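Visitor: Dumping the structure here so I can ask a few things about it.
The values are calculated or read from the model by the stated rules, or taken from the named source; none is laboratory data. A quick note: this is a predicted structure, and the numbers were derived from the prediction, not measured. Cβ sites come from the backbone with ideal geometry, for glycine too, and all protein chains shown count toward neighbours.
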Amino acid sequence: MDAFRHAYWMALLAQKIKYHKALKLGIAHEKGNKKNWLKGKLEENARADSISTVMDLENNCSGLNLGCLNKSLNSSELKNLIISEIKKGNLKILKKDSSGNYLDCSGNRIIETEWKNKWYVPKCLISSKK
């Protein structure tokens, strides 16, 4: 799950380096999404878009805060903490139907071919608690 990956990466960074350095690194990585989108490159077998980037930034910040507040946790404990936060709804995901299709905030299926070469896709960002 994308929310886990971003939060965990940032939490690990926050345990090892200063908050502001980790934050700058996370922001720099996400800024690359638009550049990669313009070049047609994929990230985790998907093409980034504006709302996915917002989601990643929010999950990065959540992970950063979790790592700063829990510097003594080992990697396994940190994984469990982030999974718990996901289950509580404290991270962000993109709204999907039971078949895995993206939905807009009104619950309408997004036809991906209609949005293939668009940065702004009307996907809906929601709490990780389904």
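Visitor: Mind checking which residues of the range 47-65 are small (Gly, Ala, Ser) and either assigned to a helix (DSSP H, G or I) or modelled with pLDDT of 90 or more (or both)? Lay out the reasoning, then the answer.
Guide: Kept after step one, since they are small (Gly, Ala, Ser), are these residues of the range 47-65: 48, 50, 52, 62-63.
50, 52, 62, 63 - these are the residues of the range 47-65 that are small (Gly, Ala, Ser) and either assigned to a helix (DSSP H, G or I) or modelled with pLDDT of 90 or more (or both).
Visitor: Another question, if that's okay. Just need a number here: residues in the range 83-130 that are more than 22 Å from residue 41 (Cα to Cα) and not in a loop (DSSP other than H, G, I, E, B).
Guide: 13
Visitor: All but one of (1) more than 21 Å from residue 7 (Cα to Cα); (2) in contact with a Leu (Cβ under 9 Å, 6 or more places away or on another chain); (3) of a type outside the set (Phe, Trp, Tyr) hold for residue 127, so report the exception by its number.
Guide: Status for residue 127: all satisfied but (1).
A quick yes/no check of all residues on (1) at pLDDT below 95; (2) closer than 24 Å to residue 16 by Cβ; (3) within 14 Å of the chain's Cα centre (by Cα); (4) surrounded by fewer than 12 Cβ atoms within 10 Å (Cβ to Cβ):
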| residue | (1), (2), (3), (4) |
| --- | --- |
| 75 | yes, yes, no, yes |
| 81 | no, yes, no, no |
| 84 | no, yes, no, yes |
| 87 | no, no, no, no |
| 91 | no, yes, yes, no |
| 95 | no, no, yes, no |
| 105 | no, no, no, yes |
| 114 | yes, no, no, yes |
| 119 | yes, no, no, no |
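Visitor: Looking at the range 1-53, which of the residues that are over 14 Å from the mean Cα position of the chain (by Cα) and within 16 Å of residue 91 (Cβ to Cβ) is surrounded by the fewest Cβ atoms within 10 Å (Cβ to Cβ)?
Guide: Looking at the filtered set, the residue picked out is 12.
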